[in-house]
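In what follows, a single structure is set out as structure tokens and then discussed.
The values are calculated or read from the model by the stated rules, or taken from the named source; none is laboratory data. Worth saying up front: this structure is predicted, and the values here are computed from it rather than measured. All Cβ positions, glycine included, derive from the backbone under ideal geometry; neighbour counts span all protein chains shown. All accessible areas refer to the heavy atoms of the entire protein, side chains included, with ligands and DNA or RNA removed. Shrake-Rupley method; radii C 1.70, N 1.55, O 1.52, S 1.80 Å.
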Amino acid sequence: MPPLLRKGMRVIVQGITGRQGRTHARLMLDYGTEIVAGVTPGKGGQEVEGVPVFDSVEEAVGEVGTVDASVIFVPAPFAYDAVMEALEAGIGLLVVITEHIPVHDAAKFVEYARLKGATIVGPNTPGAIAPGEGVKLGIMPGDVFAPGGVGIVSRSGTLTYEIALSLKRRGMGTPLTVGIGGDPVTGLSFTDVLEMFREDEETEAVVLVGEIGGRAEEDAAEYVMRIGYPKPVVAYVAGRTAPPGRRMGHAGAIISGGMGTYDSKLRALNGAGIPVAKTPFEIPDLLAGLLRR
Amino acid sequence: MRLLEHEVKAMLAEAGIPVPRGRVARTPEEAREVASELGVPVAVKAQVPVGKRGKAGGIKLASTPEEAEEAARAILSMEVWGHRPESVLVEEAVRVGAEHYLGTILDRSARRMVLMTTPYGGMDVEESAALHPEAMARVEVNPLVGLAQFQVRKLAWNVSRDPEVAKQLARVISAFWDLVERYDLLMAEINPLAVAEDGRILALDARAEVDDNSLFRHPQFSKRAHSANPRERMAEEAGVTYVELDGDVGTMANGAGLAMATMDLVAEAGGRPANFCDVGGGASAKAVESAMRVITSNPNVKVVLVNALCGITSGEDVARGIAEAVANLGLGPESLVVRLEGFRAEEGAEILREAGIEVYKDPMEAVREAVRRASV
């Protein structure tokens, strides 16, 4: 298992008293995630799903001791502050679920995380999950993911669940699945996550789930080719029929000025020897073929 | 959100960047008045949130106030790249000595904004950038540090080695960057950044895009429906993400990635998707109904394919939303193909079957059925 998530890691939830925060704190606890505290400014002293709530991250850390990660559900206008607060408190892994965070805010906290040596998953991510460890930091439905050897890295949510489910039905599973997020600026790139899977003993192959917009897929293809990636990688890219100049739901999914097209991604991935599935449901077959060899 | 030229110029002027004298006119008569006030010749420019207006006939020169009126009348009744201008900008026509370029855009891989200048600005800046790639200066701005003076100098000197001009340019570049930060701009461009014959530096044309997600702190840019398509405006108002295409298979899915994949599957099966529609990962009953209303109001749509993979949301809730929408909109059950899978999908399928709607577990089967129904 790549060391991003591990059993017993101590997690806080920022924005735990909101509807989403509360629901998913429950679901994460049920999955096995060890949530040691929640934070909502002004709501300190309460309990949510048996988890003590504090007014600040600093207070939470002071009270409960070591914190390894924070899952952030704070609404977009306040998310920048919440992320900076967690970074300042020295938390090394932040999963930013929040959607609609302004790009300039994200660019700032991603840069600050880089300086602090911290990892940011998201923003606008379903999170990360390690079924074998019983750890989920995010909002994905736990039961579509089975433990196994196929690392998954994705820019989307439900599409990832779709692929995880089709793997599960074929008896395959994942050591770690990471949603890097659907926004134009994210903490982790495809390349960063491919690097996590590179030397990991459990990971036998990697599925990359991309979409139109930006050049994260092209960057990943370049990286796979440059270092001679030691494991099979297969990809699916959504948005082949998307018109240029239009945002397809995700803030990052837009073909602009001829950049970020499906064809460009297909060419780059194929050029790096990465087969690109025509439908998400072909992925298990592609993997089975590659792993048999 | 793309701003209109006159809005961007108001920003530039506020920051102390010189722009030509001018005013917005909403009628041809008003355009004539503005032209008389400014003195001719003037340029009459369509206010639409797209570039290359000149090539579409959206910019006209007028040498008398009457000509300005005529130009405005023509522009206000035309479409410029699919947009109908609601106003024109009437501006003094400036005699230009040289045309340069200043722009900024997000470099997603670097996770930073980049600023660029080239001395070869003007209408065909893309071609000239391809022709003279070495003439483009580019700096990445560290979001925590901001734009540094040495970077400003690099950008300015790239345009002119004349110390007086470079000094003026440096002021423009710094002021321009301040606007990018202050107004959460994701893209901004002054092109041409002109040196007039009298030596003044002027922003002759300008474009900018404000981050939609930052509007909570910029209430002055009230969120406007900028789509020319009535169904896209309707969706925007209902809070549903909808983009129209020209096919006949309506599509709906929960989650943006799955919604894109669903369109692609329709094409893969030989059909033509009519739209992209994401009702959100949660797929609330209300969102499903709003989406259904928008999708089915497109006269080209022959059948609607719903692709719902339920994770946390219950398939029962999604099914109820679909069934209610079908009843409220008076749709025939044959106009719908539903693929429902995941959490409590069986219970959901039961609800839909009772309403006479066919439910599939296998997404490809559902896609093929939708494409088949659209083709008969």
Take the conditions at pLDDT below 95 and under 16 Å from the mean Cα position of the chain (by Cα) and apply them to B:Asn229. Does it pass?
yes
For segment B:23-50 the number of residues that are in contact with an Asp or Glu (Cβ under 6 Å, 6 or more places away or on another chain) and open to solvent by 40 Å² or more (accessible area, probe 1.4 Å) is 1
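What about B:Arg233, is it part of a strand (DSSP E or B) and not hydroxyl-bearing (Ser, Thr, Tyr)?
no
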Give me a count of the residues in segment A:30-60 that are in contact with a strand residue (DSSP E or B) (Cβ under 8 Å, 6 or more places away or on another chain) and within 14 Å of chain B (Cβ to nearest Cβ).
1
Exactly one of B:Ala98, B:Ala135 is more than 25 Å from the chain's Cα centre (by Cα), within 21 Å of B:Pro18 (Cα to Cα) and among the small types (Gly, Ala, Ser), and that one is B:Ala98
Across segment B:109-123, what is the number of residues that are within 14 Å of chain A (Cβ to nearest Cβ) and part of a loop (DSSP other than H, G, I, E, B)?
3
Return yes when A:Arg247 is touching an Asp or Glu at 6+ places or on another chain (Cβ under 7 Å), within 13 Å of another protein chain (Cβ to nearest Cβ), among the charged types (D, E, K, R) and more than 14 Å from A:Val207 (Cα to Cα) and no when it is not.
no
Can you go through B:Glu126, B:Glu140 and tell me which one is within 29 Å of A:Val185 (Cα to Cα), part of a helix (DSSP H, G or I) and open to solvent by 60 Å² or more (accessible area, probe 1.4 Å)?
B:Glu126
What pairs come out if I take residues in segment B:168-196 that are under 16 Å from A:Ala107 (Cα atoms) and pair them with residues that are among the small types (Gly, Ala, Ser) and open to solvent by less than 10 Å² (accessible area, probe 1.4 Å) whose C-beta lies under 6 Å away, six or more apart or interchain?
B:Val180/B:Ala188; B:Asp184/B:Ser214; B:Leu185/B:Ala208
Please go through segment A:107-141 and give me each residue that is more than 9 Å from chain B (Cβ to nearest Cβ), open to solvent by 10 Å² or more (accessible area, probe 1.4 Å) and part of a helix (DSSP H, G or I), ordered by number.
A:Lys116, A:Pro131, A:Gly132, A:Glu133
Scan segment B:5-26 and give yes if some residue there is in contact (Cβ under 8 Å) with a residue 40 or more places away in the chain, more than 14 Å from B:Leu204 (Cα to Cα) and touching a Pro at 6+ places or on another chain (Cβ under 9 Å), otherwise no.
no
Is it the case, given these coordinates, that B:Val195 is part of a helix (DSSP H, G or I), more than 17 Å from the chain's Cα centre (by Cα) and more than 14 Å from chain A (Cβ to nearest Cβ)?
no
Residue list for segment B:303-344, filter: in contact with a Cys (Cβ under 8 Å, 6 or more places away or on another chain), open to solvent by less than 10 Å² (accessible area, probe 1.4 Å) and within 11 Å of another protein chain (Cβ to nearest Cβ):
B:Glu341
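Just checking, which of A:Ala60, A:Ala89, A:Ala37 is over 17 Å from the mean Cα position of the chain (by Cα), open to solvent by 10 Å² or more (accessible area, probe 1.4 Å) and not assigned by TED's automatic domain parsing to the domain that holds A:Leu188?
Details: A:Ala60 fails: open to solvent by 10 Å² or more (accessible area, probe 1.4 Å); A:Ala37 fails: open to solvent by 10 Å² or more (accessible area, probe 1.4 Å).
Selected residue: A:Ala89, the only one of A:Ala60, A:Ala89, A:Ala37 that is over 17 Å from the mean Cα position of the chain (by Cα), open to solvent by 10 Å² or more (accessible area, probe 1.4 Å) and not assigned by TED's automatic domain parsing to the domain that holds A:Leu188.
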Hey, any hits in segment A:260-276 for a residue that's within 11 Å of chain B (Cβ to nearest Cβ), under 12 Å from A:Gly210 (Cα atoms), open to solvent by less than 50 Å² (accessible area, probe 1.4 Å) and of a type in the set (A, V, I, L, M)?
no
Would you please name the residue that is most open to solvent (accessible area, probe 1.4 Å), looking only at residues in segment B:273-302 that are of a type in the set (Val, Ile, Thr) and closer than 20 Å to B:Tyr360 by Cα?
B:Val279
For segment A:79-106, pairs from a residue that is within 13 Å of another protein chain (Cβ to nearest Cβ) and over 29 Å from A:Arg247 (Cα atoms) to a residue that is open to solvent by less than 40 Å² (accessible area, probe 1.4 Å) and small (Gly, Ala, Ser), with Cβ under 6 Å and 6 or more apart or across chains, are A:Leu87/A:Ala113; A:Leu87/A:Ala118
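Being farther than 30 Å from B:Ala156 by Cβ and not β-branched (Val, Ile, Thr) is true for just one of B:Ala291, B:Ala188, B:Ala208. Which residue is that? It would help to see each step written out before you state the result.
Working: B:Ala188 fails: farther than 30 Å from B:Ala156 by Cβ; B:Ala208 fails: farther than 30 Å from B:Ala156 by Cβ.
Only one candidate qualifies: B:Ala291.
What about A:Ile180, is it surrounded by fewer than 24 Cβ atoms within 10 Å (Cβ to Cβ), farther than 21 Å from A:Arg292 by Cβ and either modelled with pLDDT under 95 or not assigned by TED's automatic domain parsing to the domain that holds A:Ala113 (or both)?
Taking the combined requirement at face value, the residue does not satisfy it.
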Condition test on B:Ser174, is it polar (S, T, N, Q), modelled with pLDDT under 95 and either open to solvent by less than 20 Å² (accessible area, probe 1.4 Å) or outside any strand (DSSP E or B) (or both)?
no
Residue in segment A:277-293 that is farthest from B:Phe276 (Cα to Cα), counting only those that are surrounded by fewer than 22 Cβ atoms within 10 Å (Cβ to Cβ) and at the interface with chain B (Cβ under 7 Å from one of its Cβ atoms)
A:Phe281
For A:Leu188, all conditions in the list (1) in contact with a helix residue (DSSP H, G or I) (Cβ under 6 Å, 6 or more places away or on another chain); (2) aliphatic (A, V, I, L, M); (3) within 11 Å of chain B (Cβ to nearest Cβ) hold save one; what is the number of the exception?
(1)
Within segment B:75-107, residues within 14 Å of chain A (Cβ to nearest Cβ) and either in contact with a strand residue (DSSP E or B) (Cβ under 9 Å, 6 or more places away or on another chain) or assigned to a helix (DSSP H, G or I) (or both) come out as B:His83, B:Gly103, B:Thr104, B:Ile105, B:Leu106, B:Asp107
Could you please find all residues in segment A:16-72 being in contact with a Lys or Arg (Cβ under 7 Å, 6 or more places away or on another chain) and part of a strand (DSSP E or B)?
A:Glu34, A:Val36, A:Val48, A:Val53
Test: residue in segment A:162-176 that is more than 13 Å from every other protein chain (Cβ to nearest Cβ) and acidic (Asp, Glu)
no
Of everything in segment B:14-55, what is over 20 Å from the mean Cα position of the chain (by Cα), under 16 Å from B:Leu185 (Cα atoms) and of a type outside the set (D, E, K, R)? Give them in sequence order.
B:Ala15
